[in-house]
Amino acid sequence: MNTELRGIGMTSARTRERLISRLREAGIEDERVLEVIRNTPRHLFIDEALAHQAYDDTALPIGYGQTISQPWVVARMTELLIADRVPPKVLEIGTGCGYQTAVLAALCEQVHSVERIRPLQDQARRRLISLGMARVQLKHADGGFGWKAAAPFDGILVACARPDIPDELLGQLADGGRLVMPVGDRVQKLTVVERHGDEITTRALDTVRFVPFQRGVQ
């Protein structure tokens, strides 16, 4: 596609390798995740005017008060989600521009992604289809309700912060499944939740900064 040529000088193999080196230095160890980050064209998920920053390890605006997460955050959340096994069926809350969705789709058999802002979802759909990821299932809805009709999920990744973990999402997590999301208000921690039968375990890890969880659709 023509847009894949945008900012080509900023998307060279050398530029991407610099990003991978930074991620390694920042503690990302999973080679599967690093390979997917290396091969996912982040410049296609942002505005053309920002293409020169596509492979910097920084968050960037995507409109509607939302951002594309910095590559380290995407890599870290993905690494945590697939740490013990690659979950075959995953739910993502907050499709955004579709970048994290594309990373998940390169690793997991089924990806269901919910986005509350219709224009962002429409853009993400076009990008994912152009990359051959038409099998990703997208839904325009309030992410706080998850995707009950498609549950249960082996993995759930939430790309927005809230002070607690929604019961609706916990109820859609399969036995043996894992949920990764930022939890907190002013101070947010990447939190890993695991279900083993009726037992729920929670681990709070890295300090992060995400846009806050919002209800409703637009």
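Taking all protein chains together, 211, 74 sort by accessible area into 211, 74, largest first [probe 1.4 Å]. Carbon-plus-sulfur fraction of the accessible area of the chain, 1.4 Å probe, in percent? Looking at the chain in its full context, I get 49 percent from C and S. Across region 65-141, the mean sequence separation of Cα contacts (distance under 8 Å, 6 or more residues apart), normalised by length, yields a relative contact order of 28 percent.
Ignoring lysines fewer than eight residues from residue 139 along the same chain, the ones with Cα atoms less than 17 angstrom from its Cα are 89, 148. Working from Cα pairs under 8 Å separated by at least six residues, relative contact order for the chain is 15 percent. Against the chain, whose longest principal axis is taken from its Cα atoms, helix 71-81 shows a tilt of about 30°.
What is the local net charge at residue 102, summed over the other residues whose Cβ is closer than 11 Å to its Cβ (Lys, Arg +1; Asp, Glu -1)?
Charge balance in the 11 Å sphere: +1.
Three semi-axes describe the equivalent ellipsoid of region 93-145; taken as square roots of 5 times the Cα gyration tensor eigenvalues and ordered largest first, they are 16, 12, 8 Å.
Using the 1.4 Å probe convention, the accessible area of region 85-147 works out to 36 Å² per residue with neighbouring protein chains retained. Within the same chain, aspartates and glutamates fewer than 8 places from residue 189 are excluded, and of the rest, those with a Cα less than 13 Å from its Cα are 164, 206.
Give me the angle, in degrees from 0 to 90, between the Cα long axis of helix 13-25 and the longest principal axis of the Cα atoms of the chain, rounded to the nearest 10. That works out to roughly 40 degrees.
Taking 139, 148 and ordering them by how much accessible surface each has at a 1.4 Å probe, largest first, produces 148, 139.
Quick check on the chain: of the DSSP beta bridges with both residues there, what percent are antiparallel, nearest 5%?
Details: 18 of 37 bridges.
Antiparallel bridges: around 50 percent, rounded to the nearest 5.
Take every DSSP beta bridge with both residues inside region 121-218 and express the antiparallel ones as a percent of the total, to the nearest 5. Taking every DSSP beta bridge with both residues in region 121-218, the antiparallel ones total about 70 percent. Our estimate of slack between residue 24 and residue 39, defined as 0.36 nm per intervening residue step minus the Cα-Cα distance, is 3.8 nm. In plain terms, the chain from residue 170 to residue 15 could stretch by 51.9 nm, reckoned as 0.36 nm per residue minus the Cα-Cα distance.
The values are calculated or read from the model by the stated rules, or taken from the named source; none is laboratory data. If you're wondering where the values come from, they're calculated on a predicted model, not measured in any experiment. Cβ sites come from the backbone with ideal geometry, for glycine too, and all protein chains shown count toward neighbours. Quick note on the areas: whole protein, heavy atoms, side chains included, nothing else; ligands and nucleic acids left out. Shrake-Rupley method; radii C 1.70, N 1.55, O 1.52, S 1.80 Å.
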